[in-house]
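First the structure, in the form of structure tokens, and then the observations on it.
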């Protein structure tokens, strides 16, 4: 087979694509086309959907140039979850998208809990009411921008908006629908009960497809803008965490992956939905019908490194992350007593707290930028370790853990993760697991592959085994113990700080 499957990933930092020859013999990636994050107030995060589409067009043109546009058999889409795009009746964007990491809707999340009850919300959606998901953001818009909300005819997620731009058809699928906190993860449909309780009409929610369902074809107008031939099939796709599960081969019980993307993710496969009585993690629909995910999320993973290098160091060079990683190698494990709390955008797991804030603890005059970089890497891994502990407890995780995401390309960060977790990790060399997963979903949707499990082994993905360093494991066990004491000690102070912002 000479045809290629294209996976398009609408990420937080930028848009990129993966190209997989259907027989698995060739794999390529485009460069990332970036766009800014807009933060007008503390805890706010927005982006322009129009800039997503512009970046997607550039990305698709590059992809067409790499393999020849006529050889692209189908497109699958993925992208950042929970970020809401409001469209009017004509399908035009009403305002900037409110992103997954936006924390303005704390009071609305509390209102959701009062209206429906935390136990009811968790039982239906797999998660407690929180600011990270879409429903509280919609309630914020309804409360604070009433006239604009009244004009809203449809709410879409990031990748669904781009698929709409490609095909002219409105819709979402089960993984992104799960992330709205308006979707029944057992009945696999919009929850009329919750929508009524929250005062959000089901009429603005799009039709829900399966992740491998045919969703339309590239229109003539889109073809002229993006360079992909008119009539090219487009498959529904999945949210980035679910697509990465497919790209990493997490399609059976006992398997999990950890992602060091803008947010940090720990995801394990479930063959039935579970409930975390301690409210640390989420249960969400998998891209594979009849399956679920146990999911923990660190809001600020690579996002924390981006903040440090760009905002604090004012380094905008293309090699800034590589330079920072080299700097951090000069610092020993535990960063000589410096600990970073990665709560720059609040937190979701295991502390569901929109008011949590980032901090360097133990900072002294001896610490340098190298210490700060390593401390950020360690703090993110500590947070992911908390997520991993909870996910492992609920999922019965027994098998291999795969590490992916942009941060995993740093050999040092990958080693720190292995040492903090105290276990061997398998680092994927496939690049963008979410984009690869979207390409594989496109292949299933077009009948090229039988089903999602059969995509395992299509591409001969090489994994580098990262063994933990026992001496470092012992050190990080001490650092992790201190780290876990910091959030409880500072929680009340974080809450008081909100009145000063």
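Name the residues in segment 312-350 that are under 19 Å from residue 417 (Cα atoms), touching a helix residue (DSSP H, G or I) at 6+ places or on another chain (Cβ under 7 Å) and part of a loop (DSSP other than H, G, I, E, B), would you? Answer for segment 312-350, where residues must be under 19 Å from residue 417 (Cα atoms), touching a helix residue (DSSP H, G or I) at 6+ places or on another chain (Cβ under 7 Å) and part of a loop (DSSP other than H, G, I, E, B): 329, 330, 331, 333, 334, 338, 342, 349, 350.
Quick one: would you say residue 303 is under 30 Å from residue 398 (Cα atoms) and touching a residue at least 12 places away in the same chain (Cβ under 8 Å)?
Criteria met by residue 303.
For segment 425-442, state whether one or more residues are without any contact (Cβ under 8 Å) to a residue 24 or more places away in the chain, at negative phi and surrounded by fewer than 21 Cβ atoms within 10 Å (Cβ to Cβ). So far as segment 425-442 goes, no, none of its residues is without any contact (Cβ under 8 Å) to a residue 24 or more places away in the chain, at negative phi and surrounded by fewer than 21 Cβ atoms within 10 Å (Cβ to Cβ). The sole residue among 149, 133 that is touching a helix residue (DSSP H, G or I) at 6+ places or on another chain (Cβ under 6 Å) and either surrounded by fewer than 24 Cβ atoms within 10 Å (Cβ to Cβ) or over 30 Å from residue 225 (Cα atoms) (or both) is 149. Of the listed requirements (1) crowded, with 19+ Cβ neighbours inside 10 Å; (2) outside any helix (DSSP H, G or I); (3) within 24 Å of the chain's Cα centre (by Cα), residue 449 misses just one: (3).
For every residue, the table says whether it meets (1) more than 27 Å from residue 247 (Cβ to Cβ); (2) in a loop (DSSP other than H, G, I, E, B).
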{"position": "121", "(1), (2)": "yes, no"}
{"position": "135", "(1), (2)": "yes, no"}
{"position": "139", "(1), (2)": "yes, no"}
{"position": "143", "(1), (2)": "yes, no"}
{"position": "152", "(1), (2)": "yes, yes"}
{"position": "170", "(1), (2)": "no, yes"}
{"position": "177", "(1), (2)": "no, no"}
{"position": "197", "(1), (2)": "yes, no"}
{"position": "203", "(1), (2)": "yes, no"}
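Scan segment 253-275 for residues that are over 27 Å from residue 14 (Cβ atoms), in contact with a strand residue (DSSP E or B) (Cβ under 6 Å, 6 or more places away or on another chain) and assigned to a loop (DSSP other than H, G, I, E, B) and jot them down.
Scanning segment 253-275 gives 253, 255, 273, 274.
The rows are residues; the columns are (1) under 26 Å from residue 24 (Cβ atoms); (2) at pLDDT 95 or above; (3) in contact with a strand residue (DSSP E or B) (Cβ under 6 Å, 6 or more places away or on another chain).
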position: 404; (1), (2), (3): yes, no, yes
position: 409; (1), (2), (3): yes, no, no
position: 414; (1), (2), (3): yes, yes, yes
position: 430; (1), (2), (3): yes, no, no
position: 435; (1), (2), (3): yes, yes, yes
position: 479; (1), (2), (3): no, yes, no
position: 498; (1), (2), (3): no, no, no
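In this entry, residue 17 is excluded by the filter for residues that are over 16 Å from the mean Cα position of the chain (by Cα), crowded, with 20+ Cβ neighbours inside 10 Å, in the same structural domain as residue 161 (by TED's automatic domain parsing) and in contact (Cβ under 8 Å) with a residue 40 or more places away in the chain. Counting only residues that are under 21 Å from residue 387 (Cα atoms) and either part of a helix (DSSP H, G or I) or without any contact (Cβ under 8 Å) to a residue 12 or more places away in the chain (or both), segment 410-424 holds 10 of them.
Counting residues in segment 459-481 that are within 26 Å of residue 348 (Cβ to Cβ), without any contact (Cβ under 8 Å) to a residue 12 or more places away in the chain and either not in a loop (DSSP other than H, G, I, E, B) or not assigned by TED's automatic domain parsing to the domain that holds residue 42 (or both) gives one or more.
The values are calculated or read from the model by the stated rules, or taken from the named source; none is laboratory data. Note that the structure is predicted; figures quoted are calculated from it, not measured. Positions of Cβ are backbone-derived with ideal geometry, glycine not excepted, and every protein chain shown enters the neighbour counts.
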